Amino acid sequence: MNQTGMNQAYAGVSIAAAVEVPYQRHARTSTAELLAQASASALAQAGIEASEVDGLGVASFTLPPDHAIDFAWRAGLTVRWCMDDCHGGASGINLLQHAARAIQAGDATTIVLVSGDHFEPADFTTLVENYNVNTRTLLRPLRTGGPNPLFAMLTQRQMAAARLERADYAALCIAQREWASLNPQAVYREPLTLQAYLDSPPVADPLCRFDCVPVVSGANALVLTSTQRRSSGAAPVTIRALRASYNFDHQRGDGLVTGIRSVRDQLWQDSGLSPADMDVVSVYDDYPAMVLAQLEDLGFADDGDLRALIHERIKTRQLPVNTSGGQLSAGQAGAAAGMHGLVEAVTQLRHEAGARQVPGARFAAVTGYGMVQYRYGMCANAVVLERGEAV
């Protein structure tokens with residue numbers, strides 16, 4: 001593939017900063033405070049003053065009744081472009097897409113994108129029971145307890161279709177935990193063994209505790225600017241290609257194929273690259289089965305051999321997947337989860353990932369997935385990022 005000819009669809013826009021407020025299991029703060037910390041940290045990393053910000057995008061489940069404009073006011077921002085996002089695990093890439101277009105159109109020059117949540121136990125219960133109208137009316141009366149049973153059934157289908165066993169999913173979780181052990185911001189860094197995985201408490205057959213993302217509090221932020229407006233000496237990260245698909249099968253499929261499958265050919269064509277060119281991959285990992293589904297949809301397992309993908313490529317780090325540890329080890333901070341993979345990919349491409357740095361990382365693929373209807377996620381998107389030259 002052509003690694004030099006860049007698609008012009010997102011030309012002129014760069015990601016100047018990417019930060020994560022350390023996730024915590026028991027944070028003593030508010031959602032607004034977490035978002036403010038992330039925003040301030042991202043601007044400091046970019047070397048940009050708050051007075052220069054003229055665009056803001058916010059994704060959060062627990063910020064309401066406040067909205068993006070309320071947060072802008074509290075943060076002292078005066079903006080010309082403002083966006084609330086409600087796409088859950090797809091929110092980070094969705095915000096990125098709209099913000100990049102806004103900069104290209106001249107609607108804004110410097111945009112802060114921030115996502116995150118602070119959860120008390122009651123907050124999370126309220127969220128999963130009232131996720132949308134179908135959840136509230138069809139699933140809550142069954143007392144399903146949230147998405148775990150839905151993805152347990154999906155995992156059962158994947159196990160049968162790909163001839164996988166629990167030990168295969170364990171290998172994926174262990175590989176991500178090994179990456180997390182190198183990430184000082186991951187909530188769960190202690191070693192995970194096959195026996196510990198197999199002996200862990202069941203949640204919904206075949207899922208165990210380690211297959212389900214731990215709920216934490218935290219926030220993430222990105223700063224987007226025009227490529228001409230670069231104030232820090234770090235390498236800029238640009239958008240090589242971005243594609244999204246929503247309601248691609250209207251919940252009629254089996255969930256093992258996501259909307260990414262329907263846009264992947266155009267994604268790689270736009271980028272002038274292929275899966276083989278990717279140095280780092282961040283896929284939305286609310287459950288191990290979804291890691292495999294998205295990787296297959298992206299083209300990393302065109303032969304359908306998911307066991308080989310796990311043991312020969314992910315486990316051996318031939319394919320660096322979710323190098324932060326992913327949500328399965330770093331934690332899922334509500335809407336921040338949709339930006340977690342983006343922040344990790346940008347950090348890797350800036351060569352600032354410390355002990356977990358993938359040597360010479362130049363290209364990264366990131367996916368988003370989420371907004372469960374009554375069977376599985378309705379939203380999916382993917383972006384290819386590229387490291388530029390530092391000044």
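Any read-out appearing in this document is the output of simple, stated calculations on the displayed coordinates, not a laboratory observation. Computed from a predicted model, the values in this text were never measured in an experiment. Glycine also receives a Cβ, built like all others from the backbone with ideal geometry; neighbour counts cover every protein chain displayed.
Structure notes:
- Charges were assigned to the Cβ only: +1 to each Lys and Arg, -1 to each Asp and Glu. The resulting dipole of the chain about its Cα centre is roughly 140 debye.
- More than 13 angstrom apart: percent of Cα pairs within the stretch 119-174: 68
- Across all directions, the average projected area of the convex hull around the alpha carbons of the stretch 172-266 is 10.3 nm².
- Just so you know, the Rg over Rh for the stretch 287-367 is 0.95, from Cα atoms, with Rh as the Kirkwood radius.
- Cα gyration tensor shape of the stretch 85-194, rounded if a/c is under 1.5, else prolate or oblate by comparing a/b with b/c: oblate
- Three principal axis extents describe the C-alpha atoms of the stretch 1-138; from largest down they are 48, 36, 26 Å.
- Volume of the Cα convex hull of the stretch 147-305, divided per residue and given in Å³: 159
- Gyration tensor verdict on the stretch 256-306 (Cα atoms; rounded if a/c is under 1.5, prolate if a/b is larger than b/c, oblate otherwise): prolate
- Each pair of Cα atoms in the chain enters the Kirkwood radius, and Stokes-Einstein at 10 °C and 1.306 mPa s then converts it into a translational diffusion coefficient of 77 µm²/s.
- Spatial separation of Cα centroids for the stretch 334-372 and the stretch 280-321, in angstrom: 15
- Compared with the direct C-alpha span, the chain from residue 250 to residue 80 gains 57.7 nm at full extension, assuming 0.36 nm per residue.
- Span from the the stretch 145-178 Cα centroid across to the the stretch 69-111 one, whole angstrom: 35
- Estimated inter-spin distance, residue 105 and residue 209, nm [label 7 Å along Cα→Cβ]: 4.8
- Assigned charges on the beta-carbon of Lys, Arg, Asp, Glu; the stretch 328-391 dipole about Cα centre (debye): 140
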